[in-house]
Amino acid sequence: QVQLVESGGGLVQAGESLRLSCVASNSIFSIAVMSWYRQAPGKQRELVAIITSSGTTRYADFVKGRFTISRDNAKNTVYLQMYSLKPEDTAHYYCQSNKFGSLSWGQGTQVTVSS
């Protein structure tokens with residue numbers, strides 16, 4: 001089981017930026033597919049971005065051009081750089097690792113964007 005710890009959330013105003021980090025507990029990180037999800041109150045958890053072990057990325061349409069996912073395998077860390085934040089980006093953001101179908105989740109970090 002991989003332990004994941006997210007950080008970097010906070011309260012910002014619309015238009016500002018934040019960078020989320022997710023640190024994994026062990027070296028399987030380098031071969032795992034890493035993703036960021038988010039869940040707003042009363043809504044289902046949704047995929048935000050994904051990055052494969054080789055660095056291929058995919059984004060949800062609602063964040064394309066505003067968010068960037070990246071990873072540093074040497075640090076067992078995945079990042080989510082968020083620009084031009086909107087109030088509708090307010091949610092709890094979770095990191096997920098997927099190693100050959102074995103999923104692990106972090107506890108998440110709260111992002112609140114005020115208008």
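Values computed for the structure shown
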{"quantity": "Tally of residues being of a type outside the set (Phe, Trp, Tyr) and under 12 Å from the mean Cα position of the chain (by Cα) across the stretch 61-88", "calculated": "10"}
{"quantity": "First in the stretch 91-103 and open to solvent by 60 Å² or more (accessible area, probe 1.4 Å), second anywhere and of a type in the set (Val, Ile, Thr), Cβ under 6 Å, 6 or more apart", "calculated": "99/28"}
{"quantity": "Residue list for the stretch 104-115, filter: among the small types (Gly, Ala, Ser) and open to solvent by 70 Å² or more (accessible area, probe 1.4 Å)", "calculated": "115"}
{"quantity": "Tally, over the stretch 59-73, of residues that are closer than 15 Å to residue 97 by Cα and surrounded by fewer than 19 Cβ atoms within 10 Å (Cβ to Cβ)", "calculated": "3"}
{"quantity": "The stretch 1-32: number of residues that are of a type in the set (Gly, Ala, Ser) and either within 24 Å of residue 54 (Cβ to Cβ) or modelled with pLDDT under 95 (or both)", "calculated": "6"}
{"quantity": "Residue in the stretch 74-90 that is most open to solvent (accessible area, probe 1.4 Å), counting only those that are modelled with pLDDT under 95 and not small (Gly, Ala, Ser)", "calculated": "75"}
{"quantity": "Entirely in the stretch 1-67, the strands (runs of 3 or more DSSP E) that have 2 or more residues that are in contact (Cβ under 8 Å) with a residue 12 or more places away in the chain", "calculated": "4-7, 10-13, 18-24, 33-39, 46-51"}
{"quantity": "Qualifying residues in the stretch 34-54 (those that are surrounded by fewer than 17 Cβ atoms within 10 Å (Cβ to Cβ) and touching a strand residue (DSSP E or B) at 6+ places or on another chain (Cβ under 7 Å)) - the one nearest to residue 93 (Cα to Cα)", "calculated": "39"}
{"quantity": "Residue in the stretch 69-85 that is farther than 20 Å from residue 30 by Cα and in a helix (DSSP H, G or I) present", "calculated": "no"}
{"quantity": "Single condition residue 108 does not satisfy, out of (1) at pLDDT 95 or above; (2) farther than 14 Å from residue 4 by Cα", "calculated": "(2)"}
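The values are calculated or read from the model by the stated rules, or taken from the named source; none is laboratory data. Keep in mind that what you see is a predicted model, and the values were worked out from it rather than measured. FYI the Cβ positions are ideal-geometry reconstructions off the backbone, even for glycines, and counts take in every protein chain you see. To get the accessible areas, we keep the full protein, side chains included, count just its heavy atoms, and leave off ligands, DNA and RNA. Shrake-Rupley method; radii C 1.70, N 1.55, O 1.52, S 1.80 Å.
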